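For reference, the structure is listed below as structure tokens.
Taken together, the values in this text are just the output of simple stated rules run on the coordinates, not laboratory data. The model shown is predicted, which means the values in this text are computed figures rather than measured ones. Note that each Cβ is placed from the backbone with ideal geometry, even for glycine, and that neighbours are counted across all protein chains shown.
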2 protein chains.
Amino acid sequence: MTETDRHTDMANAIRFLSMDAVQQANSGHPGLPMGAADIATVLFSKFMKFDPTEPNWPDRDRFVLSAGHGSMLLYSLLYLLGVEDMSLDDLKDFRQLGSKTAGHPEYGFAGGIETTTGPLGQGLANSVGMALAERMLAADFGEELVDHYTYVLASDGDLMEGISHEAISIAGHLKLNKLIVLWDDNDISIDGRVTLSETGDMLERFEAANWDTVRIDGHNAADIEAAIERARGSDKPSLIACKTKIGFGSPNKEDTSKAHGSPLGDEEIAATREALGWTHEPFEVPVDTLDAWRIVGVKGVHERAEWTKRHDAADVQTRAEFDRRMRGDLPANLDSAVEAFIAQVTEEAPKVATRKASEMALEAIIPHLPEAVSGSADLTGSNNTRTSTMTPVAPGDYAGNFVHWGIREHGMAAAMNGMALHGGIIPMSGTFLVFSDYSRPAIRLAALMHQRVIHVLTHDSIGLGEDGPTHQPVEHLAALRAIPNLKVFRPADVVETAECWHLSLLSEDGPSVHALTRQGLPTLRTENGGKNRSAKGAYELASAGGEAQVSLFASGSEVEIAMEARALLRDAGINARVVSVPCFELFEAQDADYQASTIGEAPVNIAIEAAIRMGWDRFIGSDGIFIGMDSFGASGPYKEVYAHFGITAEAASEAAKAALADE
Amino acid sequence: MTETDRHTDMANAIRFLSMDAVQQANSGHPGLPMGAADIATVLFSKFMKFDPTEPNWPDRDRFVLSAGHGSMLLYSLLYLLGVEDMSLDDLKDFRQLGSKTAGHPEYGFAGGIETTTGPLGQGLANSVGMALAERMLAADFGEELVDHYTYVLASDGDLMEGISHEAISIAGHLKLNKLIVLWDDNDISIDGRVTLSETGDMLERFEAANWDTVRIDGHNAADIEAAIERARGSDKPSLIACKTKIGFGSPNKEDTSKAHGSPLGDEEIAATREALGWTHEPFEVPVDTLDAWRIVGVKGVHERAEWTKRHDAADVQTRAEFDRRMRGDLPANLDSAVEAFIAQVTEEAPKVATRKASEMALEAIIPHLPEAVSGSADLTGSNNTRTSTMTPVAPGDYAGNFVHWGIREHGMAAAMNGMALHGGIIPMSGTFLVFSDYSRPAIRLAALMHQRVIHVLTHDSIGLGEDGPTHQPVEHLAALRAIPNLKVFRPADVVETAECWHLSLLSEDGPSVHALTRQGLPTLRTENGGKNRSAKGAYELASAGGEAQVSLFASGSEVEIAMEARALLRDAGINARVVSVPCFELFEAQDADYQASTIGEAPVNIAIEAAIRMGWDRFIGSDGIFIGMDSFGASGPYKEVYAHFGITAEAASEAAKAALADE
């Protein structure tokens, strides 16, 4: 058997497994795996540093299938390479409930799935974060421990999405030369030929972003090999435009959108078998072809063994720290650093914006948290995410812990996902809360993938004032609380801010956002007691001082207003308690008794938040009183804006009195 | 006075008005107006077809300040040009509550504000829609009536945002040669020099997207004039990179990020006055300079008069139709077309997916609605947004009513905003509901701007099945319902689908989304009665047949489940009613009596929606029973996925029985 024949057989094994699985599921995308099988075969058989027996070892090359709809390409590869938790039965279960072989690759379902992809452009942007994480960890620990490539298979759709612009700009700027993107350049999208909607020059576009580029025949193994070899030697990130035929081998559907997103049909699969000379039954891979694939893995086994030697030879402290960071364990002295900070500010009770409080907390935390990588989408001085000890990374210089992401919220968030997925880093970065809309698709994926990614979202309400409704979040707290497995923190003061930071760092299994004010807020938690009260999501900050007639619930900057309303009510002889609600999600995680006692049984329940009501009925009931927004905001000095929309202590206390009078 | 001196004075008038207003507000962005004053002066004095006495006449050139933070540039221009509703007092009220001169330009606040900008990249993408609308209307009505340019002033931030990639790709592909982007290429962003995060070649990037490009000195009036002249003659859209100094004229802050986003301070303004030789008081514009500006407007008055002659000379039918479309009035026979369709499907009661029902409704509507421009982000066959009579536009050929937007949800949505803002077109286009996250920032702006933009969002729940959680919206209905002034329709069958389409077309003052199923649904509204019952947002679809023990509330595909649960309960001798809830927002607009009677007084209240609970407490109370999702979905055949998550008629009826037993 010639090497060419072997390559062809190996690639055809991917093609037929993919066709067969899609056919069996009667659902899925055969076209991409068939078209990109040659690319994947060369990449994995000649280059990928990947040990199927230990698919998650730290210094593996990463392979990101950005075009996640072609999931059968990845599943076929993992099976053929011999990854233990990807069996032939798993392939046969493609797209069935509970299977590992979901419609789109889902992180954590099997070794070798580096990220959850499907929403286009996300995988590409994840890969930028992975490649940056690799360089930053290499700067921290040396190339003996960290030295690998990040490969991406991207489709036309990945490159049409706006996020691709942000991603490639960042990568080109930062000279992430170990990032190699293989573009499945097949000229086909769902609506038909790509020329229906695209006539730009992709290579020129990438060159303008400081990438190396080359165009090759994506079905010519030698060309693919040469192009990857060249890319590995480049001092820039590389785009390899692989001209392919979608549905390669299918006599009647190849090179048409018909091959993209539906099963080929038994008849066409039979015709493809004939056309490609594949005489085997469905899901049958001949022994010699399977052997050829399994032998590929041996290289990875050796590479891992070499790495293990280097790891064992490293000095014990470096090794321990590297292992800790890759496991995602927090440093032992973090808790005490946070607690000391909280004790101090409880004492000092400063009046500061929570964005400033966040910076103060980070000043205390960051020296103890070398895995923290902070940043901002060009709002560093506004987000307060850069502390005094942070240094930014720069093109070719990765010894830092801060990233100037540029005005690229979406690319930033997706790259942060990639950094978290890579491991060894806790990404945290900032923009305005209103612009979480720009990064929302990536925040959602962090939640779906259970990644510890932390977003600092400042200027969190109409309290930002003059910038007006385009910049004033009104619906964003609700919209973020709506995302499953995302913790939305909105602390009321410096103490809660530090508590919430601690909780987001402890949140190993999901992302967090911190919604923080522009405007100054007093310290309300002047008694601490050494307990993280935010950990329960909501708690009684001030008691009624008698049987409660009114319960006031609030978050963030409106807790101050609730406390003032309580004072006004007390002046009127009315007992009101205040419940601070820094995190809905953590409150939901408490037991029913705690929830019931925190909500209490006051006849009048009022929630105050400078945002829409949605979600607050949980606390106040659907007949409760809500003091907040039901429209977009307005441009003006912030205190006037608050007054204009009636979000004041007076309004709350008057509403409480009126409701009590009605009782 | 030389022409150069006059130009300098005119530009300096912009500079000082901007500086003074920002200083007076003690808030705002002086740097851009100072840096871009020369560009704006040349553009408006030499080219803009703009009549200050009638700033909204149909065939005016559009000017989009994509860099909305530089709002004082626009306000100064409008005042200097003599637009009636922009006075010197308005400038003095910059950023004050209730003023026209909001922090960022807000559409509708004054003539000449073509769009609301501030969130970066949006204005640029709006302008693509405006330029496309111009070409499409010219194809419909001839260049006698429609023949104008769209000019954009864009900042570095606009061009870093991902949406800019989508926008310029569409524009370049479609050869929108009357779109001219003036890039304020000042090398400064908030964090410092742009090179902190960007080192790409912008001209090469635009050329790769089929744009003409040129780089000029943005402070040289002759160069600016020549470049715009050249761009007007191009057969491609044009980028003019104008090298400028942010904060031009400020001795200590020019060319630094210090000039960007805060007042210069009295001292620095005094120094700038001296440096630029401007001897006038704050807010004082010398008479000859004001005259020079006011004379500019005369050209526009004449141009409009010429256009009015052509308009009057057009045949009466063309003129009437053009005027109708520009006013945004619907055709007279639309209502009867919708009603005939509804009568027919009420009779035929087909079982179809609501995405298919939407296509059927559009088949009935589109022949009567020439202003409809449909499209899809490369999911045409899935969104069912292209009817049999639609023809796509293509590069250089704009005689069509369908746009293949490509895989560019965000750019599409923002361009749709631009089309609606331009007038004469009702944009409607499609993607999957889950990808509304990608277009969300633009949907928000449509709501803020009160624009009739219609989004068809198919595959609206776990009911899409095998594609799995990356493609299954769970939180998106709640997140969209959270946006003020956006109507979220989720029809239950073909009848409601047609009703909701009618309502979204009638919604002149705001955008709509239609959340539509992939899976087939029976016709439930088999009695019609000639009334649009969806218009009230929620209505009793099936009565309890006796005193109601259970109220079942549901939307979309879950109304069928609610009806089945009602039948199961009836079998058990329990009276249950079903309320269909196609639109929360319209329900909120009803009077309290209607709301109370629709919610009813059954002891047990259950809501069913294959999505999260958030928002449903309005109907069922915080103690009501919710049958839906509280996590991400799963990949599998859709009926199995529904069963897996317990969203079934059986689950609902069992929950009702258990709750009744507890009563």
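Basic side chains Lys and Arg get +1 at the Cβ, acidic Asp and Glu get -1 at the Cβ, and with that the dipole of the protein assembly as shown about its Cα centre reaches some 240 debye.
Distance from the C-alpha centroid of segment A:363-432 to that of segment B:359-427: 41 Å, rounded to the whole angstrom. Among the GluC sites (Glu not before Pro) in segment B:28-123, those located in a DSSP loop and surrounded by at most 12 other Cβ atoms within 10 Å of their own Cβ are B:84.
For segment B:17-57 and segment B:185-257, what is the centre-to-centre distance using only Cα atoms, to the nearest Å? If you average the Cα positions of each part, the centres end up 17 Å apart.
For a test of the definition: using alpha carbon positions, the gyration tensor, and the 1.5 limit on a/c, classify segment B:422-544 as rounded, prolate or oblate.
Oblate, since a/c reaches 1.5 and b/c is not below a/b.
When only the Cβ of Lys, Arg, Asp and Glu is charged (+1, +1, -1, -1), the dipole of segment A:534-663 relative to its Cα centre reaches about 240 debye.
Note on chain B: dipole from Cβ charges, positive end direction compared against B:118, B:200, B:532; the farthest Cα belongs to B:532.
In this label model, residue B:547 and residue B:531 are separated by 2.6 nm, measuring between points 7 Å along each Cα→Cβ vector. Would you please give the FRET efficiency between residue B:143 and residue B:287, computed as 1/(1 + (r/R0)^6) with r the Cβ-Cβ distance and R0 = 56 Å, to the nearest 0.05? So the FRET efficiency works out to roughly 0.90. Residue A:363 label point (Cα plus 7 Å toward Cβ) to equivalent points in the other copies: 6.9 nm, shortest first. Label-point spacing at residue B:26 relative to the other copies reads 7.0 nm, in ascending order, each point sitting 7 Å out from Cα along Cα→Cβ. Using the beta-carbon distance between residue B:327 and residue B:363 and R0 = 25 Å, what value does 1/(1 + (r/R0)^6) give for FRET efficiency, to the nearest 0.05? E(calc), rounded to 0.05, equals 0.45.
When DSSP beta bridges are restricted to pairs lying wholly in chain B, around 15% turn out antiparallel. The long axis of helix A:3-25 is offset from the longest Cα principal axis of chain A by roughly 50 degrees.
To the nearest whole number, what is the average tally of beta carbon atoms from other chains within 10 Å of the beta carbons of peptide A:169-182?
Working: counts 9, 3, 0, 4, 6, 2, 1, 0, 0, 0, 0, 0, 0, 0.
Other-chain Cβ atoms within 10 Å of each residue's Cβ, averaged: 2.
Dipole orientation for segment A:132-260: of the candidates A:151, A:224, A:249, A:249 has the Cα lying most toward the positive pole (charges on Cβ; Lys, Arg +1; Asp, Glu -1).
Under 19 Å from a label point set 7 Å out along the Cα-to-Cβ vector of residue B:623, the amide N atoms of segment B:544-566 belong to B:548-553. Using only Cα atoms, locate the centre of segment B:592-660 and the centre of segment A:435-459, then give the distance between them in Å, rounded to an integer. Segment B:592-660 and segment A:435-459 have Cα centres separated by 28 Å. Between 0 and 90 degrees, the angle of helix B:122-141 with respect to the longest Cα principal axis of chain B falls at about 80 degrees. Semi-axis lengths, largest first, of the ellipsoid equivalent to segment A:497-599 are 25, 17, 11 Å, with √(5λ) applied to each eigenvalue of the Cα gyration tensor. Secondary-structure-derived ellipticity at 222 nm for chain A, considering helices only, amounts to -13500 deg cm²/dmol, per-run term -39500 (n - 2.57) for DSSP H runs with n ≥ 4.
By the rule of a C-alpha distance below 24 Å, with chain neighbours fewer than 8 residues away ignored, the lysines paired with residue A:236 are A:46, A:49, A:175, A:178.
Summing Lys and Arg as +1 and Asp and Glu as -1 over all other residues whose Cβ lies under 9 Å from the Cβ of residue B:408 gives a net charge of -4.
Considering all C-alpha pairs of chain B, those separated by over 42 Å amount to 33%. Helix B:31-42 and the longest principal axis of the C-alpha atoms of chain B enclose an angle of approximately 70°. At full extension, residue A:389 and residue A:509 could sit 40.4 nm farther apart than now, given 0.36 nm per residue minus the alpha carbon distance.
Using R0 = 25 Å, the C-beta based FRET efficiency linking residue B:195 and residue A:204 works out to 0.70.
Only one residue of B:354, B:384, B:411 has its Cα farthest out toward the positive end of the dipole of segment B:304-429, where Lys and Arg carry +1 and Asp and Glu -1 on Cβ, and that residue is B:411. Per residue of peptide A:634-640, the mean number of Cβ atoms on other chains within 10 Å of the residue Cβ is 6. Here chain B is assigned +1 on the Cβ of each Lys and Arg and -1 on the Cβ of each Asp and Glu. Its dipole about the Cα centre then comes out at about 720 debye.
Computed over chain A, relative contact order equals 12 percent, with contacts defined as Cα pairs under 8 Å that lie 6+ residues apart. Ranked by the mean number of other Cβ atoms within 10 Å of their residues, highest first, the peptides B:287-296, A:85-94, B:118-127 fall in the order B:118-127, A:85-94, B:287-296. Near residue A:559, once Lys and Arg are set to +1 and Asp and Glu to -1 for all other residues with Cβ below 11 Å from its Cβ, the sum equals -3. Annotation: the protein assembly as shown has a Kirkwood hydrodynamic radius of 32.0 angstrom, from the mean reciprocal C-alpha pair distance. Would segment A:180-314 count as rounded, prolate or oblate if I go by the C-alpha gyration tensor, calling it rounded below 1.5 in a/c and otherwise prolate when a/b exceeds b/c, oblate otherwise? Oblate, because a/c is 1.5 or more while a/b does not exceed b/c.
Note on B:205-214: average number of Cβ atoms from other chains within 10 Å of each residue's Cβ is 4.
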